[in-house]
């Protein structure tokens, strides 16, 4: 489970960095990388990080429930919304690469959150123990 949690922390940090880059782009050039408000996006990723704490503390049931919420929030807001912006609203993004990065980052997180919510990490732990 610790490996999964570390990867989820990496996802949270990557999301925060994407939003920080978006904020910097806004300050320097007057536009964001994606339509998500960068400060809001960074705060949401910070809240996600807090949802990982029960996992680190051994509260697996609470962690798994929180990962179910994360699947819904990031699956819709982090993937579906961006996909629906293709092709008609790509002008909302700094570039096609920024659009793809937003989807890619959140798709990786979705896989990790699914692993956490489903308890598949428990099966691996049992086979190693």
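Out of everything in region 1-31 that is more than 15 Å from the chain's Cα centre (by Cα) and within 20 Å of residue 57 (Cβ to Cβ), what residue ends up being modelled with the lowest pLDDT?
Looking at residues that are more than 15 Å from the chain's Cα centre (by Cα) and within 20 Å of residue 57 (Cβ to Cβ), I get 1.
Does residue 112 satisfy being over 13 Å from the mean Cα position of the chain (by Cα), in contact (Cβ under 8 Å) with a residue 24 or more places away in the chain, under 20 Å from residue 8 (Cα atoms) and part of a helix (DSSP H, G or I)?
no
Any chance you could count how many residues in region 29-55 are in contact with a helix residue (DSSP H, G or I) (Cβ under 6 Å, 6 or more places away or on another chain) and under 22 Å from residue 114 (Cβ atoms)?
8
Looking for whichever is on the phi < 0 side of the Ramachandran plot, exposed (fewer than 14 other Cβ atoms within 10 Å of the Cβ) and touching a residue at least 12 places away in the same chain (Cβ under 8 Å) here; the options are 39, 71. Which one fits?
Matching residue, one of 39, 71: 39.
The values are calculated or read from the model by the stated rules, or taken from the named source; none is laboratory data. All figures in this text were calculated on a predicted structure; none of them were measured in a lab. Because the Cβ atoms are built from the backbone with ideal geometry, glycine has one as well, and the counts that use them run over all protein chains shown.
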